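Have a look at the structure below, then the notes.
The values are calculated or read from the model by the stated rules, or taken from the named source; none is laboratory data. Quantities reported herein were computed from a predicted structural model and do not represent experimental measurements. Cβ placement follows ideal geometry from the backbone for every residue including glycine, while neighbour counts extend to all protein chains displayed. These area figures cover heavy atoms from the full protein model, side chains too; ligands, DNA and RNA do not enter into them. Shrake-Rupley method; radii C 1.70, N 1.55, O 1.52, S 1.80 Å.
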Amino acid sequence: MNTKPFASGLSENAVMITRVADRQWHALDDDLVVGRGHAQHRPDGRLFVSIDAWHDAAFDRLAEAMLAELPAPLYTVVDEADVELTARWRRAGFTIRRREWEYVVPTDPRVTGLEDVLPPSGVTIVPAGQADECRLRAVDRAIRDEVEATVGWQSMPAEVVPRPEGDTIVDPSKYAVAAAPDHYLGLIRVVPMYRPRIGLVAVRADEQRRGIARALLAHALGALHRSGFATAWTEVHESNQAASALFESIGARPMSSNLELVR
């Protein structure tokens, strides 16, 4: 346990920054916890930090202690509407790396206009939980390689679900796929929570512009609608104009934006 005193102005006593566990810190003011800091690796290997503090002084002292002990680069995510928190991280030396728009997506086919959408000739949609795992992993790997060779996979929505190292398919049951007779062409991942999240919609580069992504969305959103969900949500990187256009064409609307910061 490491404890470091700092003069804070919060009280007559010094704020004590204490590492209470691996990658976890507390800010104490006269034995009262006035802030917490935490660091965690995301599935892509990057180290993300978060601080929840009641006062600027506690935030600054936590940031100082954490940054002194953690290896660079470090990342964090904030709601862009939270101007105060963004300013705190920028004061600690973080800069804006990327912006993601959060979209609310309707599921009702009468709203999305996907009621009569079918996959192109020769393509079938395999429902979630029924995909062949070997073919699913093959198309996921191929798509990731194609994206990495162009804009880079880190331009895709953040993957926050822990997974074994080297395994990019955490739960095959969450994926529906677009299938040709002998291989898969695209996939959609939906995580059913209190508000379902569309974590990924992707199609092989040589199969794009055939309506496969719309067919995958029609299938997944239709299934959610029949299960009683009125809306889902997804994130789109601000530079991904094709994804924004796809979701907006089915009635999805941006509701908020998140900033990823890096130091």
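Looking only at residues that are in a helix (DSSP H, G or I) and of a type in the set (Gly, Ala, Ser) in region 43-87, which one is farthest from Asp30 (Cα to Cα)? Across region 43-87, the extreme among qualifying residues is Ala87.
For Val177, the criteria (1) under 18 Å from Arg144 (Cα atoms); (2) without any contact (Cβ under 8 Å) to a residue 24 or more places away in the chain hold in every case but one, which is (2). For region 82-105, the set of residues classified as open to solvent by 20 Å² or more (accessible area, probe 1.4 Å), within 15 Å of the chain's Cα centre (by Cα) and either small (Gly, Ala, Ser) or over 22 Å from Arg46 (Cβ atoms) (or both) consists of Val104 only. Pick from region 193-219 the residues that are open to solvent by 10 Å² or more (accessible area, probe 1.4 Å) and part of a helix (DSSP H, G or I): which of them is nearest to Asp116 (Cα to Cα)? Ranking the qualifying residues of region 193-219, first place goes to Ala218.
Go through the residues of region 173-192 one by one and say whether even a single one is of a type in the set (Lys, Arg), closer than 25 Å to His41 by Cα and surrounded by 14 or more Cβ atoms within 10 Å (Cβ to Cβ).
Kept after step one, since they are of a type in the set (Lys, Arg), are these residues of region 173-192: 174, 189.
Adding the requirement that they be closer than 25 Å to His41 by Cα leaves 174, 189.
Still in the list and also surrounded by 14 or more Cβ atoms within 10 Å (Cβ to Cβ): 174, 189.
Yes; the residues of region 173-192 include at least one that is of a type in the set (Lys, Arg), closer than 25 Å to His41 by Cα and surrounded by 14 or more Cβ atoms within 10 Å (Cβ to Cβ).
Flag: Val236 does not match the condition of being of a type in the set (Val, Ile, Thr), at pLDDT 95 or above and either closer than 20 Å to Arg144 by Cβ or open to solvent by less than 60 Å² (accessible area, probe 1.4 Å) (or both). The one condition from (1) under 26 Å from Pro120 (Cα atoms); (2) open to solvent by less than 30 Å² (accessible area, probe 1.4 Å) that Glu260 does not meet is (1).
Going through (1) within 30 Å of Ala39 (Cα to Cα); (2) not in a helix (DSSP H, G or I) one by one, Gly186 falls short only on (1). Any residue that is surrounded by 15 or more Cβ atoms within 10 Å (Cβ to Cβ) and out of contact with any strand residue (DSSP E or B) (no Cβ under 8 Å at 6 or more places or on another chain) - is there at least one of those in region 16-33? No: zero hits.
Scanning region 42-51 for any residue that is among the polar types (S, T, N, Q), in contact (Cβ under 8 Å) with a residue 12 or more places away in the chain and open to solvent by less than 70 Å² (accessible area, probe 1.4 Å) turns up at least one such residue. Residues in region 106-135 that are farther than 20 Å from Lys174 by Cα and either in contact with a Pro (Cβ under 6 Å, 6 or more places away or on another chain) or without any contact (Cβ under 8 Å) to a residue 40 or more places away in the chain (or both): 5 in all.
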